[in-house]
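The values are calculated or read from the model by the stated rules, or taken from the named source; none is laboratory data. Values in this document were obtained by computation on a predicted structure and should not be read as measured data. We place every Cβ from the backbone using ideal geometry, glycine too, and count neighbours over all the protein chains shown. Protein only, heavy atoms only, side chains kept; ligands, DNA and RNA dropped before computing areas. Shrake-Rupley method; radii C 1.70, N 1.55, O 1.52, S 1.80 Å.
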Amino acid sequence: MTETERRTQNPWMTLEQSSRVEINGHDLSITEPMITDRDGSKFGAPQDQHNGNTSDSNLGIGERAFSAAGAAFFSAIIVNPLDVVKTRLQAQAAGVPYSHPLSNLIGRMAYFGPNMMFADLRCSPSCARAGVHGTVAICPPDCFQYKGTLDVFNKIIRQEGFSRLWRGTNAGLALAIPTVGIYLPCYDIFRNWMEGLTAQHMPGATPYVPLVAGSLARSLACATCYPIELARTRMQAFKDTQFGKKSPGVFSTLLGVLSNVKGTNPQSSLQGCRVLWAGMGAQLARDVPFSGICWSTLEPIRRRLLGLMGEESNVATVLGANFSAGFIAGSLAAAATCPLDVAKTRRQIEKDPVRALRMTTRQTLMEVWRDGGMRGLFTGVGPRVGRAGPSVGIVTSFYEVVKYVLHQHYATS
């Protein structure tokens, strides 16, 4: 076995640990490096199938999915406010109106009826900038315009309530848990398989394995769970227009999308199904490069960090190395793919089902460039980077820590 063939390592392994290749005369498998436990004892999984020790490559889909689901749960709750802010900024740039839903006479008449005497249409009860126009108290237009990340936070809390920052969290959880549950385990499996394959037949291609494995895993997860992503974006982008009623959930939002299609073309049930995947091209155009950039940056950084921390791995080193590498990689990938995220948001909030099906990512990017130039392409880049860095760090570190703990448990039992 050559030195190149022994380079495949677990994310928590240092290069020195993964280079040890012999236990009792048996060579270690390519994907099963040795770990040094805290008490100095060594354990690994040689090619001998009778050895009972369990390595990362022997963790089943269930263990990997459990680790990924827990990571997705915490990440979705913590970073959802930044996702809401980013979506509001991008939706406003796309032309979504954020004025009071009853700011026009027709809307007021429809809501209050012909006996309307006085209407309070201030952005919030505490707003001191509102004026009285006839029988209507209403705020100036800039009360309903977002001027930046902090302004969005302030206005959402003041006008809609603090809990609105978690608008779409149920959709985020419904999306993140299955998506990450597919994404990270598939990435692990694809990476281990490809690294073993390239180490044997094409050693020069091994550094590119994380890029390819991440892109393939993300494409599979995105295609599977896309309708929930569509519902989440719509829930975050639009304000409620019916007062006193509970905001629609994931299922109600998707039913609303389908009802728009049926109203346009009642005969086409196939088109109704297709509209649930409208904009998936833009989603893939964003997520595949994001995953490629993220993993090709994350893998060398965390392996270097683990190497600097010494040969003996523990929970603290695994957590620190993975969070730091994930934070850096996620931030860089989010900034680089922000224009594609703007295009994805525009396609997902399009209410005309015919136009939604005909829009392309290239066409949408050209429209954004024409309307807003470079600034338009990077609308919401601040909250996007602020969300993606911690999110990738949390997901990656939680996932690897749980895998590490399970690995240690199996190895010592």
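Mind listing whichever residues of the stretch 327-347 are of a type in the set (S, T, N, Q) and under 26 Å from residue 95 (Cβ atoms)?
337, 345
For the stretch 152-200, which residues satisfy the criterion of being within 24 Å of residue 235 (Cα to Cα), touching a residue at least 60 places away in the same chain (Cβ under 8 Å) and of a type in the set (Ser, Thr, Tyr)?
169, 179, 183
Among residues belonging to the stretch 200-210 that are open to solvent by 10 Å² or more (accessible area, probe 1.4 Å) and either of a type in the set (A, V, I, L, M) or outside any helix (DSSP H, G or I) (or both), point out the one that is nearest to residue 288 (Cα to Cα).
205
Would you please name the residue that is most open to solvent (accessible area, probe 1.4 Å), looking only at residues in the stretch 298-323 that are in contact (Cβ under 8 Å) with a residue 40 or more places away in the chain and of a type in the set (Val, Ile, Thr)?
Only one residue fits best here, namely 315.
So the check is Cβ under 9 Å with 6+ separation or different chains; which pairs have a first residue in the stretch 257-284 that's surrounded by fewer than 12 Cβ atoms within 10 Å (Cβ to Cβ) and a second one that's at pLDDT 65 or above and assigned to a helix (DSSP H, G or I)?
From the stretch 257-284, the pairs are 263/353.
Name every residue in the stretch 141-198 that is within 25 Å of residue 376 (Cβ to Cβ) and not in a helix (DSSP H, G or I), in order of residue number.
145, 146, 147, 148, 167, 168 - these are the residues of the stretch 141-198 that are within 25 Å of residue 376 (Cβ to Cβ) and not in a helix (DSSP H, G or I).
Can you confirm whether the stretch 211-234 contains a residue that is modelled with pLDDT of 85 or more, open to solvent by 40 Å² or more (accessible area, probe 1.4 Å), over 30 Å from residue 152 (Cα atoms) and in a loop (DSSP other than H, G, I, E, B)?
Within the stretch 211-234, not a single residue is modelled with pLDDT of 85 or more, open to solvent by 40 Å² or more (accessible area, probe 1.4 Å), over 30 Å from residue 152 (Cα atoms) and in a loop (DSSP other than H, G, I, E, B).
Checking the condition surrounded by fewer than 19 Cβ atoms within 10 Å (Cβ to Cβ), touching a residue at least 24 places away in the same chain (Cβ under 8 Å), touching a helix residue (DSSP H, G or I) at 6+ places or on another chain (Cβ under 9 Å) and within 11 Å of residue 94 (Cα to Cα), which residue from 382, 372 passes?
372
Can you tell me which residues in the stretch 158-175 are open to solvent by 70 Å² or more (accessible area, probe 1.4 Å) and at pLDDT 80 or above?
Correct list: 158, 162, 163, 166.
Applying the selection to the stretch 392-413, what residues are among the aromatic types (Phe, Trp, Tyr) and either open to solvent by less than 40 Å² (accessible area, probe 1.4 Å) or on the phi > 0 side of the Ramachandran plot (or both)?
399, 404
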